[in-house]
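Here's the structure, in structure tokens; my notes come after.
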Amino acid sequence: MNNKRKRVLVKFSGEALAGENGFGIENSILKYIASEIKSLIKENVEVGIVIGGGNIIRGVSAARDGLIKRTSGDHMGMLATVINSIAMQEALESAGLDVRVQSAIQMEAFCETYIMRRAHRHLEKGRIVIFACGTGNPYFTTDTAATLRAVEIQADMIIKATKVDGIYDKDPNRFDDAVMLNELGYERALHDNIKVMDDTAIALAKDNALPIVVCNMFKEGNLLKIIQGDMSLCSIVKNQD
């Protein structure tokens, strides 16, 4: 790595924490993620994290039959991200790392309230910051929240850690002829409706020239390779000349 300290935001889906169970939190996955994040900290990388809540509840699903209003469903989803963030904090601390959870919704008994300058200070001191509760508003996904926080902390990139190697032109689980796209522009991702992230997140990244990297979180060492500039095992969305 060069002498300039890198700062990244890593976005994990809540579903990834559930493993084969499909629900809840699998401790072995928490330990694995903590090990991957520790490899970044050892290389003097400043790390922010956002974790979704889909392994516990998703606002859209909770509000599907109309009994629960969408706003309340999204509030429930925000609370799910706090559960995941606290679990991730415990795993990272068990690995000997210094961590803070900051929530967009005030809940002093569990974590700090999000303050941008405080987050910057934590990162500068080598602490990992986990951003919980999304943007603090309903109707916004944790992808959008992750992009927003990445912009606010002036991250060099946002890494979306998934179960697939990168971005495909169609669902690789459904189509055998799906082609992986190693690099594409924001405009194509939006125009062709390629589901890298939701459109709001992509547009926000585009407006702030924030690269979006999509990789397979279950390939050991992948995150560090990306930080070191090896983009051979991932896809990237960025400005194209």
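The values are calculated or read from the model by the stated rules, or taken from the named source; none is laboratory data. Remember, it's a predicted structure, so these values are computed and weren't measured experimentally. Every residue, glycine as well, gets a Cβ built from its backbone with ideal geometry; the counts of neighbours run over all protein chains shown. Ligands, DNA and RNA are stripped out before the accessible areas are found, and what is left, the full protein with its side chains, is counted by its heavy atoms. Shrake-Rupley method; radii C 1.70, N 1.55, O 1.52, S 1.80 Å.
At-a-glance table
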| quantity | calculated |
| --- | --- |
| The chain, accessible area per residue, ligands and nucleic acids excluded (1.4 Å, Å²) | 49 |
| Solvent-free Debye scattering, log10 I(q)/I(0), computed from the Cα coordinates of region 47-108 at q = 0.26 Å⁻¹ | -1.05 |
| Radius ratio Rg over Rh of the chain, counting only Cα atoms, Kirkwood formula for Rh | 0.94 |
| Residue with peak Gaussian network fluctuation, the chain [Cα springs, cutoff 10 Å], from Cys111, Cys133, Cys215 | Cys111 |
| Cα-based shape type of region 9-130, given that a ≥ b ≥ c are square roots of the gyration tensor eigenvalues and the cut on a/c is 1.5 | oblate |
| Set of region 202-223 residues, backbone N closer than 17 Å to the point 7 Å along the Cα-Cβ line of Lys42 | 219-223 |
| Accessible carbon and sulfur surface of region 1-148 relative to its total accessible area, %, 1.4 Å | 51 |
| Ser28 paired with Tyr139, simple spin-label distance in nm, labels 7 Å along Cα-to-beta-carbon | 4.2 |
| Restraint check, Lys125/Lys206; Lys42/Lys170; Lys69/Lys219; Lys125/Lys170; Lys69/Lys225; Lys69/Lys125, Cα-Cα greater than 32 Å | Lys42/Lys170; Lys69/Lys219; Lys125/Lys170; Lys69/Lys225; Lys69/Lys125 |
| Per-peptide average of other Cβ atoms within 10 Å, ordering 150-156, 48-54, 20-26, 184-190 highest first | 48-54, 150-156, 184-190, 20-26 |
| Simple spin-label estimate for Asp171 and His191 in nanometres, 7 Å along Cα-Cβ | 2.6 |
| Inter-label distance for His120 and Asp98, nm, one decimal - labels placed 7 Å from Cα along Cα-to-Cβ | 1.9 |
| Sulfur and carbon atoms: percent of accessible area, region 182-241 [1.4 Å] | 46 |
| Dipole of region 97-241, positive direction: furthest Cα of Phe140, Ala119, Ala155, with charges on the beta-carbon | Ala119 |
